[in-house]
């Protein structure tokens with residue numbers, strides 16, 4: 001969608017519209033837009049960690065909050081706005097590092113060890129470059145334009161630039177050539193290109209000159225990003241109001257950018273281990289009997305599972321924090337019975353509190369007594385229609401309101417044993433409203449540490465409202481069980497929302513198009529900090545074909561949250577819903593997820609510790625591998641990395657008409673290096689160098705043929721197969737099959753070794769539910785391998801770190817692709833050790849069993 005002739009005018013117009021970016025312009029407002037004032041008496045002041053630039057009523061402060069992170073704040077009335085943030089952590093916002101000043105006749109600036117900042121004395125335009133001299137972000141002229149309320153920044157868009165991120169955006173991974181609005185919106189059965197959706201994260205990762213960097217605009221108002229859509233040479237960022245306050249994060253690689261972004265906004269909250277299991281849901285299982293039948297069928301059919309979900313129909317008249325005793329007469333006992341079978345219960349608790357006086361509805365009574373609900377412009381509590389009918393809405397910008405909300409969970413969480421909660425409809429969604437939400441002049445009373453107490457209109461708070469609902473639930477559960485990891489899923493959020501739990505892609509559609517675009521959508525959420533996210537398996541809206549549901553199950557087993565969910569008008573999408581043949585395939589892939597649990601849990605801990613997502617674009621693991629000077633994902637956008645080791649390829653670039661349901665073959669892009677087939681352990685041989693299609697549809701020769709050349713592999717789709725490949729140099733832990741993550745696997749921990757360069761892997765575990773891991777009660781073991789001159793393989797197992805004792809008592813070390821004689825020789829720490837060998841689909845595998853101890857070990861197999 002185009003910004004039209006006057007981008008600033010359209011920023012202003014869309015600021016008050018209820019949905020996607022529209023084409024109307026406001027010439028009268030546009031005429032008032034002015035470039036940031038430049039005074040002939042412009043001056044600069046050097047600060048210990050940056051500088052200030054003054055010109056007329058304009059004030060710009062640029063500071064280094066870390067060696068690789070620069071913050072830019074601009075005041076349009078001679079002073080800087082309030083230094084408060086819903087997204088950035090207080091310590092991160094206040095941090096500073098020493099800098100080296102630059103002071104010339106034309107510009108002032110400073111350097112850190114990683115970034116160089118210059119500000120033109122004449123215009124105030126800012127340029128930020130990395131230590132290699134690559135310009136990451138540069139103003140085209142002045143730092144901004146404004147009409148007094150709205151503002152726009154116009155940056156240079158390099159020819160080789162590409163952009164990734166922004167959260168919920170349903171379309172290609174690369175944002176270049178598109179424009180987007182940040183405005184949380186209820187979007188049932190959304191379509192490709194529809195914008196905005198539920199979550200808006202004003203952060204993106206940029207690419208230029210072979211390097212990666214990040215930009216985060218800390219502004220909660222309706223904001224707009226145009227990546228060369230209206231003007232191919234301009235990156236435009238603007239907002240309907242609020243502060244000009246943004247951060248630029250240097251790379252040079254995307255993992256460093258993600259670490260910097262989550263340093264600012266918080267690491268993803270570590271989730272309980274059971275959240276990595278399979279979860280079954282529907283809108284709705286309307287009775288206790290129907291839900292018990294689901295659990296009985298999961299266990300009878302031996303479909304591994306860890307959770308079932310309750311949508312709104314379990315409640316009395318759709319009122320949050322109630323249970324319909326007619327349809328769920330034994331709710332507490334039901335939850336206990338499920339728990340005894342290794343299955344948790346997750347309950348929805350929407351934020352709209354029924355306007356129900358004088359009937360003993362506790363959330364209404366206590367909320368009114370404590371004045372916890374937000375008000376309309378007339379000063380009275382705002383009432384809007386949602387599922388319970390007329391409803392009130394908590395004022396989550398008050399710390400006291402969040403504390404009140406959290407206490408509402410006591411009965412469900414403490415007494416009934418419900419394991420986790422689902423905050424839906426929190427954009428907030430309002431029925432019978434042309435904007436799908438509440439009036440923008442509703443009043444929020446900000447009473448929050450770090451903020452000056454004041455009244456703010458909803459137009460400022462809207463984008464963080466769902467996040468603060470999510471926060472209130474998470475912090476409330478943590479207060480009720482201080483040493484347990486809360487599980488809370490939210491539909492709406494903002495930057496920093498990853499601190500409070502998980503999310504999903506909302507009300508998607510049962511279509512092949514939605515299945516394909518699930519990959520870039522989940523990748524984008526991961527790049528926005530939400531390492532723990534999923535998409536409804538099979539699609540939420542519409543009736544899916546059996547093949548579609550089966551393929552969705554396959555893909556979902558390599559995503560952070562694997563939840564099957566559908567609306568009441570959909571067909572059955574449970575594993576058995578389309579007969580025995582489909583159930584067998586779906587069960588097999590669910591089982592593969594449970595066998596891979598040690599690897600997946602290690603990825604989840606890495607995400608919570610570093611901010612690097614579990615589900616990764618190819619460029620995150622292969623940042624230096626470029627195709628025609630661009631990241632690999634621009635051709636292989638349906639492929640992704642599951643952690644550092646596994647490449648999942650449900651589709652690829654090769655045929656322009658390719659769709660997931662097509663029976664035609666397609667080419668998988670494999671980054672440089674050797675690869676193994678995950679399912680067979682066989683090393684891939686005879687790979688062809690990547691060949692690209694030219695404008696005339698003729699094959700182009702590879703740009704070069706060397707160790708940095710990507711490969712292509714032709715794949716013919718089959719219903720029961722999902723191409724997954726293992727990067728040579730990976731060590732991947734597996735376990736025996738269990739039916740629940742609560743079960744203790746039988747036998748050893750299997751360590752699958754795929755020899756190659758820089759061979760490494762690890763396994764992490766803890767008790768799976770508490771916060772004791774923050775006190776050192778965990779176990780982390782590193783693995784390394786190398787190839788000896790005689791062709792043998794040496795595997796080193798480090799001494800475990802941490803004080804937790806894992807479930808396994810021994811290791812089974814499986815070395816794939818080893819060209820070994822029929823009777824292999826093995827040694828443990830120099831002493832002979834018995835080894836077994838077998839051939840499976842042409843892959844030679846050697847297995848060695850050894851005890852797991854607190855000491856380091858070295859194994860050599862020849």
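The values are calculated or read from the model by the stated rules, or taken from the named source; none is laboratory data. Small disclaimer: the values here were computed from a predicted structure and weren't measured. Note that each Cβ is placed from the backbone with ideal geometry, even for glycine, and that neighbours are counted across all protein chains shown.
Quick notes on this one:
- Enumeration of residues in the range 337-360 that are within 24 Å of residue 462 (Cβ to Cβ) and part of a strand (DSSP E or B): 348, 353, 354
- Exactly one residue out of 213, 163 is touching a helix residue (DSSP H, G or I) at 6+ places or on another chain (Cβ under 7 Å) and closer than 19 Å to residue 257 by Cβ, and it is 213.
- Selection status of residue 298, more than 30 Å from residue 767 (Cα to Cα) and either crowded, with 19+ Cβ neighbours inside 10 Å or outside the structural domain of residue 79 (by TED's automatic domain parsing) (or both): no
- Checking 235, 249 one by one, the residue that is buried (at least 19 other Cβ atoms within 10 Å of the Cβ), touching a helix residue (DSSP H, G or I) at 6+ places or on another chain (Cβ under 7 Å) and in contact (Cβ under 8 Å) with a residue 60 or more places away in the chain is 249 and no other.
- For first residues located in the range 450-471 and closer than 27 Å to residue 485 by Cβ, partners that are surrounded by 20 or more Cβ atoms within 10 Å (Cβ to Cβ) and modelled with pLDDT under 95 and lie 6+ apart or on another chain with Cβ distances below 6 Å form the pairs 463/200.
- If you go through the range 226-285 and keep only what is in a strand (DSSP E or B) and outside the structural domain of residue 91 (by TED's automatic domain parsing), you end up with 278, 279, 280.
- Just one residue in the set 531, 535, 516, 479 is more than 15 Å from the chain's Cα centre (by Cα), closer than 17 Å to residue 616 by Cα and not assigned by TED's automatic domain parsing to the domain that holds residue 185; that residue is 516.
- Test: residue in the range 75-83 that is part of a strand (DSSP E or B) and either surrounded by fewer than 22 Cβ atoms within 10 Å (Cβ to Cβ) or in the same structural domain as residue 529 (by TED's automatic domain parsing) (or both): yes
- Of the residues 120, 166, the single one that is free of Cβ contacts under 8 Å to residues at least 40 places away in the same chain and within 28 Å of residue 242 (Cβ to Cβ) is 120.
- Within the set 319, 375, 332, the sole residue that is modelled with pLDDT of 95 or more and over 30 Å from residue 769 (Cα atoms) turns out to be 375.
- Residues that are assigned by TED's automatic domain parsing to the domain that holds residue 44 and out of contact with any strand residue (DSSP E or B) (no Cβ under 6 Å at 6 or more places or on another chain) number at least 2 in none of the strands (runs of 3 or more DSSP E) confined to the range 100-158.
- One residue from 566, 472, 541, 533 being within 23 Å of residue 307 (Cβ to Cβ), modelled with pLDDT of 95 or more and surrounded by fewer than 22 Cβ atoms within 10 Å (Cβ to Cβ): 541
- Residue 743 vs. criteria outside the structural domain of residue 764 (by TED's automatic domain parsing) and modelled with pLDDT of 95 or more: no
- Answer from 173, 197 - the residue that is over 18 Å from residue 239 (Cα atoms) and surrounded by 23 or more Cβ atoms within 10 Å (Cβ to Cβ): 173
- When the criteria are applied in full, residue 479 meets the requirement of being surrounded by fewer than 18 Cβ atoms within 10 Å (Cβ to Cβ), in contact with a helix residue (DSSP H, G or I) (Cβ under 7 Å, 6 or more places away or on another chain) and in a helix (DSSP H, G or I).
- The residues in the range 301-336 that are in contact (Cβ under 8 Å) with a residue 60 or more places away in the chain and assigned to a helix (DSSP H, G or I) can be counted, and the count is 7.
- Unmet criterion (only one of (1) surrounded by 23 or more Cβ atoms within 10 Å (Cβ to Cβ); (2) more than 30 Å from residue 306 (Cβ to Cβ); (3) out of contact with any helix residue (DSSP H, G or I) (no Cβ under 7 Å at 6 or more places or on another chain)) for residue 444: (3)
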